[in-house]
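Working notes for the structure below.
The values are calculated or read from the model by the stated rules, or taken from the named source; none is laboratory data. Fair warning: this is a prediction, and the values are worked out from it, not measured in the lab. Every residue, glycine as well, gets a Cβ built from its backbone with ideal geometry; the counts of neighbours run over all protein chains shown.
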Amino acid sequence: MQTTADGTFLHVNRTFCSWVGYERAALIGQRRFQELLTMGGRIFHQTHWNPLLQMQGSISEVKLDVVHRDGTKIPMVLNALRHDNRGIVVDELAAYVARDRDKYEQELLLSRKKLESLVAEATRLQAEAKDRALFAEQMVGIVSHDLRNPLSAIAMGVAILGRSELFGNQQRVANRISRATERATRLIADLLDFTQARSGRGLSVTRATIDLHEVVADALDELGQVYPSRALTHVRTGVGPCSADASRLAQLVGNLVSNAMTHGAPDQPVTVSSSLLQDSFSIAVHNYGAPIPVESQGKIFEAMTRGAGAPASGRSVGLGLFIVREIARRHGGTAEVESSAELGTTFRVTFPRLPAALDDEGPT
């Protein structure tokens with residue numbers, strides 16, 4: 001095709017005529033190229049096509065919709081070259097129909113829109129999930145904190161009753177209430193710790209020089225009252241002090257023993273080992289019973305994860321082992337589990353005996 005600088009057709013070939021549905025006589029000298037474009041194409045021709053030809057003398061690979069005589073649109077890719085022909089400015093145009101390219105571009109655009117929609121939906125769902133999780137954690141913290149007062153009143157009432165003379169069944173009921181109150185108090189402590197850990201602040205830990213064996217023995221003495229009918233054994237290895245938060249270690253022992261009592265064989269003992277080595281110390285709790293499946297061992301320390309075979313109506317909400325892992329982390333230690341049908345299940349938490357960055361002045 002050839003046109004003048006204002007777009008008037010000077011020459012068109014038969015192929016282009018067949019594409020647009022016009023005879024040569026209806027185009028040459030009668031119509032301008034831009035008149036065959038859509039409204040958007042005409043605007044582009046005025047704002048981009050002409051200025052580019054004037055500045056650089058050529059245009060390459062521009063895709064425009066050319067309107068057929070019957071009104072249908074034909075996607076075309078055009079190239080243009082402007083030159084002087086005996087004092088007359090002439091534009092040489094080359095075009096080809098790009099239906100496949102147009103279809104590909106439309107599909108690509110549609111896919112991009114779908115992807116953007118999916119990303120927006122995923123972002124929205126993620127934000128909603130974060131809001132729900134934050135709200136749930138806040139509610140756990142609030143409810144747990146508010147439950148402490150009535151539980152304290154119950155514990156005080158049981159203590160007062162214990163000072164008076166109780167008989168037979170009365171004493172058994174009072175002991176049962178006391179044990180239930182202690183379990184509820186520990187559960188609330190776990191819930192508060194969980195909320196604190198998930199909020200990004202982490203568990204508070206105050207390290208001090210302690211006697212590991214004594215801390216574990218004191219914790220087991222209290223646990224023996226909670227589980228009076230179960231055999232609870234303490235094995236000590238090594239001597240000397242270590243650096244840790246005694247109350248957190250007692251909490252850790254309580255959670256591990258509670259887990260062993262819940263999932264272990266009721267007719268078999270639960271063994272708690274406290275061990276001191278030169279550079280580290282550890283606490284391990286062992287029980288016999290159904291082993292933890294291998295596929296579950298990797299996520300057993302995650303929050304809200306219950307052990308295999310846990311009763312659906314059990315009082316655990318799956319925070320005990322999560323708290324154990326967090327206590328280990330805050331001390332710079334690690335928590336692991338080994339479980340088999342032959343050897344039973346052992347949860348072992350290992351700590352550095354004297355952390356390199358020891359903070360004895362306050363909570364960390």
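Hey, can you tell me all the residues within the stretch 10-43 that are of a type in the set (Phe, Trp, Tyr) and closer than 22 Å to residue 85 by Cβ? Those that are of a type in the set (Phe, Trp, Tyr) and closer than 22 Å to residue 85 by Cβ: 16, 33. Checking the structure you have, find out if any residue of the stretch 79-101 is modelled with pLDDT of 85 or more, under 19 Å from residue 66 (Cα atoms), surrounded by 10 or more Cβ atoms within 10 Å (Cβ to Cβ) and of a type in the set (Asp, Glu). Checked against the condition, which is being modelled with pLDDT of 85 or more, under 19 Å from residue 66 (Cα atoms), surrounded by 10 or more Cβ atoms within 10 Å (Cβ to Cβ) and of a type in the set (Asp, Glu), the stretch 79-101 yields at least one hit. Being touching a residue at least 24 places away in the same chain (Cβ under 8 Å), of a type in the set (Val, Ile, Thr), in the same structural domain as residue 11 (by TED's automatic domain parsing) and under 15 Å from residue 10 (Cβ atoms) holds for only one residue in 89, 77, 67, and it is 89.
Got a sec? Which strands (runs of 3 or more DSSP E) wholly within the stretch 192-295 have at least 2 residues that are surrounded by fewer than 14 Cβ atoms within 10 Å (Cβ to Cβ)?
Values: elements: 208-210, 232-237, 242-244, 270-276, 280-287.
So the answer is 208-210, 232-237.
Just the residues that are within 32 Å of the chain's Cα centre (by Cα), hydrophobic (A, V, I, L, M, F, W, C) and under 27 Å from residue 355 (Cβ atoms), please, taken from the stretch 264-304. Matches in the stretch 264-304: 283, 284, 285, 300, 301, 303.
With respect to the conditions (1) surrounded by fewer than 11 Cβ atoms within 10 Å (Cβ to Cβ); (2) in contact with a helix residue (DSSP H, G or I) (Cβ under 9 Å, 6 or more places away or on another chain); (3) of a type in the set (Lys, Arg), residue 42 lacks only one, and its number is (1). In the set 129, 120, only one residue is in a helix (DSSP H, G or I), among the small types (Gly, Ala, Ser), modelled with pLDDT of 75 or more and more than 30 Å from residue 197 (Cβ to Cβ); that residue is 120.
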